[in-house]
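One structure is given below, encoded as structure tokens.
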């Protein structure tokens with residue numbers, strides 16, 4: 001009996017999840033630094049309501065998470081573009 005999903009490149013398992021978590025943590029740290037620096041640099045030119053403490057904290061929390069989502073989306077699109085999934089051929 002053949003396996004129902006036979007691929008030459010599988011990204012399943014504990015190692016893949018562990019590497020994804022480590023990369024996500026590193027990217028969240030870098031994204032946090034980027035958003036904090038951008039927010040601090042633009043503090044003089046942003047509107048007053050964005051400078052309120054609650055709004056600023058929401059931006060500084062949500063910004064890195066949104067950047068992480070965009071980064072993983074871009075990675076997924078790039079991998080799909082470089083390595084497209086091909087349908088298995090039927091044996092003759």
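Counting only residues that are surrounded by 11 or more Cβ atoms within 10 Å (Cβ to Cβ) and under 19 Å from the mean Cα position of the chain (by Cα), which one in the stretch 1-16 is modelled with the lowest pLDDT? Once the filter is applied, the top-ranked residue is 11. Test residue 34 against the stated conditions and say whether it is more than 12 Å from the chain's Cα centre (by Cα), modelled with pLDDT of 85 or more and not in a helix (DSSP H, G or I). Against the criterion (more than 12 Å from the chain's Cα centre (by Cα), modelled with pLDDT of 85 or more and not in a helix (DSSP H, G or I)), residue 34 does not qualify.
Against the condition modelled with pLDDT of 85 or more, touching a helix residue (DSSP H, G or I) at 6+ places or on another chain (Cβ under 8 Å) and exposed (fewer than 10 other Cβ atoms within 10 Å of the Cβ), how does residue 39 come out, does it pass? No.
The values are calculated or read from the model by the stated rules, or taken from the named source; none is laboratory data. Everything numeric here is computed off the predicted structure, so don't read it as measured data. FYI the Cβ positions are ideal-geometry reconstructions off the backbone, even for glycines, and counts take in every protein chain you see.
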